[in-house]
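The values are calculated or read from the model by the stated rules, or taken from the named source; none is laboratory data. Everything quoted here is computed from the prediction, not taken from an experiment. Cβ coordinates were reconstructed from backbone atoms using ideal geometry, including for glycine residues, and neighbour counts include every protein chain displayed.
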Amino acid sequence: MRFGRSAALAAAVALAASGCAAEQAPAGGSSGSGGSQGAAERYYLSLGDSLSVGIQPDGEGGQKETPDGYTDALFRSLHDRDPSLRHERMGCAGEDTGTFLSGGLKECGERYAGKSQLAWAEGFLERNRDRVDLVTVDIGGNNFLGCVALEGAAGPGQEVSVDRQCVQDGLDRLEEEAPEIASRLRAAAGPDVQLVGMTYYNPFLAARLLGDAVELEGAGGPEELADYSTEVLDEANGVLRTAYTDAGFEVADAAEAFGTEDSGVPEGSETGIPANVQAVCDYTWMCDTSAGPDIHTNQAGALRIAGAFEPLVEAG
C-alpha cells in the first residue's frame with residue numbers, strides 16, 4: 001500500500017459526494033452457487049449501501065460494483081460450509097436511511113422495480129421466511145457523506161468544506177429512521193431468522209496525513225476533521241447499535257475491526273503512523289493514489305469486515 005500525496009488524500013474527503021455512477025446488478029440478484037433450486041435451498045440476504053455490493057474504484061476516476069464486498073467474502077465462507085446456501089445480494093450504492101425506507105434514488109428504484117430496498121426485502125422475507133438463514137445490513141453512512149464538498153483544484157489552497165448542520169440533520173434522520181428499518185426487518189423475517197447489523201469504520205482518519213495542504217472550512221484543519229469525524233461516527237454507531245439490539249439483531253462492529261479507537265503508534269512502526277490511521281490505509285483505498293483515494297474497502301478490508309460477522313453467524 002502506498003501513501004499518497006496530501007492533496008490527493010484531500011480529494012477523498014469529497015469523493016463519496018461526487019455522485020459517481022456505479023455498475024448495478026439486477027434487482028434481487030443472487031450470487032449463489034453450488035446449490036440447485038429446490039426445497040433444500042437456503043438463503044443469505046444482504047442489504048445495504050455501497051459497502052454491501054463491493055463498490056471499488058475503477059482506475060479511471062469512477063467506481064464500479066464488484067464481487068469483492070464484505071458480503072461476498074462472508075458468503076464464500078458460509079457457502080464452503082453449506083453448499084445449499086444462496087446469496088440474495090440486494091444492496092444498492094448510494095442508499096441512506098431515508099431512501100432505504102422510502103426509495104427516491106433512480107438507480108436503486110430501477111433495481112427494486114420502483115419500490116424501496118426495505119419494501120423489496122420485506123417481500124422477499126415474507127415469501128421465504130422459512131428458508132432464510134441470515135440477513136445482514138449496513139445503512140446510514142450516506143446520511144453524512146453528502147455534507148462534505150470540495151472546492152478548487154487539488155493542491156495547496158484547496159478547500160474542503162464540512163456542513164455541520166447537514167451532519168446534524170443526518171444524525172437526526174438516523175436516530176429516527178434506523179429503529180424503523182430494524183423493527184420492520186425483524187417483523188418481516190420473524191423471530192427465528194438471524195439478523196446482523198453493522199457499524200461503520202472512519203475513512204476520514206486519513207485526514208491526519210494531510211498536514212497543511214488544504215484548508216478545511218467548518219472543520220478547522222486536518223486534525224480537527226479527523227477528530228470531528230470520529231465524534232460523528234461514535235454517535236452514529238451508538239444509534240445503530242441501539243436500533244439493532246432493540247430489534248433483536250446482533251451487531252458486527254466494523255469500527256472495532258478497524259481499531260478505530262487505537263490512536264497509538266505501534267512499537268517498531270516504520271511509518272510512525274497511528275494504528276487506526278494505518279488500518280484505514282491498509283483496508284481502504286484512502287491512501288492509494290494509484291486507484292483512489294476512495295473511502296471503500298479493498299479486498300483486505302472486505303475480509304476484515306467479514307471476519308467481524310463470522311463469529312456471530314457461527315454462534316447463531
Any idea which residue in the range 137-164 is farthest from Tyr200 (Cα to Cα), counting only those that are modelled with pLDDT under 90 and among the aliphatic types (A, V, I, L, M)?
Ala153
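Is it the case, given these coordinates, that Glu223 is farther than 22 Å from Val135 by Cα, part of a helix (DSSP H, G or I) and out of contact with any Leu (no Cβ under 6 Å at 6 or more places or on another chain)? Even if it seems obvious, please write down each step before you answer.
Values: farther than 22 Å from Val135 by Cα: yes; part of a helix (DSSP H, G or I): yes; out of contact with any Leu (no Cβ under 6 Å at 6 or more places or on another chain): yes.
For Glu223, the condition - farther than 22 Å from Val135 by Cα, part of a helix (DSSP H, G or I) and out of contact with any Leu (no Cβ under 6 Å at 6 or more places or on another chain) - is met.
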State which residue is nearest to Arg184 (Cα to Cα) when the search covers only the range 124-134 and only residues that are surrounded by fewer than 17 Cβ atoms within 10 Å (Cβ to Cβ) and in contact (Cβ under 8 Å) with a residue 12 or more places away in the chain.
Glu126
Looking only at the range 261-314, count how many residues are crowded, with 21+ Cβ neighbours inside 10 Å, in a loop (DSSP other than H, G, I, E, B) and small (Gly, Ala, Ser).
1
Can you tell which of Thr271, Thr289, Thr297 is in contact with a Lys or Arg (Cβ under 7 Å, 6 or more places away or on another chain) and not small (Gly, Ala, Ser)?
Thr289
Would you confirm whether any residue within the range 175-190 is closer than 27 Å to Ala279 by Cβ and in contact (Cβ under 8 Å) with a residue 12 or more places away in the chain?
yes
Select from the range 224-260 the residues that are closer than 21 Å to Leu209 by Cβ and among the polar types (S, T, N, Q) and write down the one among them that is surrounded by the fewest Cβ atoms within 10 Å (Cβ to Cβ).
Thr230
Unique residue being at pLDDT 95 or above, touching a Lys or Arg at 6+ places or on another chain (Cβ under 7 Å) and either in a strand (DSSP E or B) or closer than 30 Å to Ala315 by Cα (or both) when the list is Leu174, Leu195, Leu185
Leu195
Out of the residues in the range 234-275 that are over 18 Å from Leu51 (Cα atoms) and acidic (Asp, Glu), which is modelled with the lowest pLDDT?
Glu270
Result of the Cβ filter at 9 Å on the range 97-117, keeping first residues that are in contact (Cβ under 8 Å) with a residue 40 or more places away in the chain and on the phi > 0 side of the Ramachandran plot and partners that are outside any loop (DSSP other than H, G, I, E, B) and buried (at least 18 other Cβ atoms within 10 Å of the Cβ), at least 6 apart or interchain, is Ala113/Trp120
Looking only at the range 246-273, how many residues end up being over 26 Å from Glu310 (Cα atoms) and in contact (Cβ under 8 Å) with a residue 60 or more places away in the chain?
2
